[in-house]
C-alpha cells in the first residue's frame with residue numbers, strides 16, 4: 001500500500017448522511033500545506049499536473065489530498081486503484097465505469113465515487129460556514145430575488161447557515177451537471193426551493209444546459225453540517241433526465 005504523505009492524515013471513510021447511496025463511497029482526509037514536501041507526489045505515485053508546477057504549496061497539497069481520496073474511493077468501488085487525471089477543463093477525468101467528485105476546503109479534502117450503472121454523475125462540495133455578517137453581504141450574489149423572498153425568515157434569523165447552504169448546493173449542482181453537459185452556469189442559473197433540518201434540499205435549474213437538462217428540472221441535494229463545515233451532495237441517478 002502506498003504510504004500517505006506527512007501533509008495528509010489517515011483516510012476516513014465515514015458516511016455523513018442518514019441514507020446510504022448504493023455502490024458509492026466517500027473518502028476524506030485532513031491536510032496541512034505546512035507539512036508539504038517536494039517528494040510528496042512521487043512518494044504517493046501521483047503525477048503533479050504541469051499546470052500546477054509553479055503553484056503554491058497550498059494548491060499542490062489540496063490537489064494531492066483530493067487525488068489520494070479519489071484513488072482510495074475508486075479502489076473501494078472497482079477493486080483497482082486509479083487516480084483521476086486533470087482534464088483540459090480542469091475537471092477530474094474519472095476511470096471508465098465510474099462517476100465521482102472531489103472537494104477541498106480549509107484543510108479538509110474528500111472524494112466520492114460511484115458505479116456508473118447507479119449514478120451518471122455526483123457533485124460534492126464542502127464549505128466553511130459563513131459568518132452572518134459575511135453571508136448578508138453575499139446574499140444578492142448567491143440568491144436570486146425569488147430565493148430572497150422565499151427564505152426571508154431564514155435570511156433574517158440565520159443568514160450564515162442559509163447562504164452557506166445555497167452556495168454549496170449550487171456548487172454541487174454545477175459539479176454534478178457539468179460533466180454531463182460541458183456547459184458552465186452560475187448562481188443565478190439555479191435556485192434553492194426548500195431545505196430540511198433532516199439533511200435534504202431541493203434545487204431547480206433555471207437555464208437550459210442541454211437537450212436532457214433544461215430549465216425547470218429539480219434535483220435533490222443532501223447536506224450535512226459538522227465541525228464548522230457544510231458538506232453538500234447532488235447525486236444524478238441513471239434515470240434522472242428529461
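The values are calculated or read from the model by the stated rules, or taken from the named source; none is laboratory data. Given the structure is predicted, the values throughout are model-derived calculations rather than measurements. Every residue, glycine among them, receives a Cβ derived from its backbone with ideal geometry; neighbour counts consider all protein chains shown.
Where in segment 118-235 are the helices (runs of 4 or more DSSP H), entirely inside, with at least 2 residues that are in contact with a strand residue (DSSP E or B) (Cβ under 9 Å, 6 or more places away or on another chain) and not assigned by TED's automatic domain parsing to the domain that holds residue 88?
Here the list reads 145-150, 159-181.
Residue-wise test of (1) surrounded by 23 or more Cβ atoms within 10 Å (Cβ to Cβ); (2) at pLDDT 95 or above.
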| site | (1), (2) |
| --- | --- |
| 14 | no, no |
| 19 | no, no |
| 32 | no, yes |
| 41 | no, yes |
| 60 | no, yes |
| 69 | yes, yes |
| 86 | no, no |
| 90 | no, no |
| 114 | yes, yes |
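Restricting attention to segment 164-212, the residues being under 12 Å from residue 222 (Cβ atoms) and touching a helix residue (DSSP H, G or I) at 6+ places or on another chain (Cβ under 7 Å) number 3.
Of the listed requirements (1) in contact (Cβ under 8 Å) with a residue 12 or more places away in the chain; (2) within 23 Å of residue 63 (Cα to Cα); (3) surrounded by fewer than 17 Cβ atoms within 10 Å (Cβ to Cβ), residue 150 misses just one: (2).
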